[in-house]
Amino acid sequence: MKGEIINKVEKRNIINIDLTDYAPKQVIIEIDIKDFLFEGLVLKEKNFREILENKEWDIYINKTVALFCSSDSIIPLWAYMLITGYLNERNIEICFGNQTDVFDNLFLENIKKINTFEFENNRVIVKGCGDIKIHEKIFMEITKKLQPIVKSLMFGEACSSVPVYKKK
């Protein structure tokens, strides 16, 4: 048929990956140890233990806790262990770092868990834009995961992709 529009992208059999599909879905809440320190600077053990004992830990149930300290104070390692113990008793997921660090680490874990079977010997485009900001290390991780198995790897959209890798 003359004048028929042909979808060349569809004919090339390209798989599109939207990395936002692998972003962590859980709510991540920060606990900053600085908030439990005397004047935000010094850990006084007795005071620290009293604060933790009286804290309402159940508010973190069904959430992921990002545990860190934003002050330049020296925090003994047992302090992290003590807070982890309170959360662990309630089966609350806890990770070290601020909210952004934890989000990125969970994101990386999700990327590492991808079953690559469907991508083997195929052309793959990793979508470049989305609803959330994706750290560069996520794009690096998906490249490390897919490059050994794909026919070609591209970045962007099907209509304007940037070649990243092509199997020789």
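In the stretch 64-74, the residue that is farthest from the chain's Cα centre (by Cα) out of those that are surrounded by 15 or more Cβ atoms within 10 Å (Cβ to Cβ) and modelled with pLDDT of 95 or more is 69.
If the condition is being of a type outside the set (S, T, N, Q) and either in contact with a Lys or Arg (Cβ under 9 Å, 6 or more places away or on another chain) or crowded, with 18+ Cβ neighbours inside 10 Å (or both), then the stretch 96-119 contributes 102, 103, 104, 106, 107, 108, 111, 112, 114, 119. Scanning the stretch 104-119 turns up no residue that is in contact (Cβ under 8 Å) with a residue 60 or more places away in the chain, part of a strand (DSSP E or B) and touching a helix residue (DSSP H, G or I) at 6+ places or on another chain (Cβ under 8 Å). If you take the residues of the stretch 9-49 that are in a loop (DSSP other than H, G, I, E, B), of a type in the set (A, V, I, L, M, F, W, C) and within 27 Å of the chain's Cα centre (by Cα), which of them is surrounded by the most Cβ atoms within 10 Å (Cβ to Cβ)? Filtering the stretch 9-49 for residues that are in a loop (DSSP other than H, G, I, E, B), of a type in the set (A, V, I, L, M, F, W, C) and within 27 Å of the chain's Cα centre (by Cα), the one surrounded by the most Cβ atoms within 10 Å (Cβ to Cβ) comes out as 23.
Taken as a whole, the condition of being surrounded by 12 or more Cβ atoms within 10 Å (Cβ to Cβ) and either of a type outside the set (Lys, Arg) or touching a residue at least 40 places away in the same chain (Cβ under 8 Å) (or both) does not apply to residue 61.
The condition (being in contact with a helix residue (DSSP H, G or I) (Cβ under 8 Å, 6 or more places away or on another chain), at pLDDT below 95 and either under 29 Å from residue 21 (Cα atoms) or in a helix (DSSP H, G or I) (or both)) is satisfied by just one residue among 83, 94, 134: 134.
For the stretch 65-72, the count of residues that are of a type outside the set (D, E, K, R), in contact with an Asp or Glu (Cβ under 8 Å, 6 or more places away or on another chain) and closer than 30 Å to residue 13 by Cβ is zero.
The values are calculated or read from the model by the stated rules, or taken from the named source; none is laboratory data. Just so it is clear, the structure is predicted and the values come from calculations on it, not from any experiment. Every residue, glycine among them, receives a Cβ derived from its backbone with ideal geometry; neighbour counts consider all protein chains shown.
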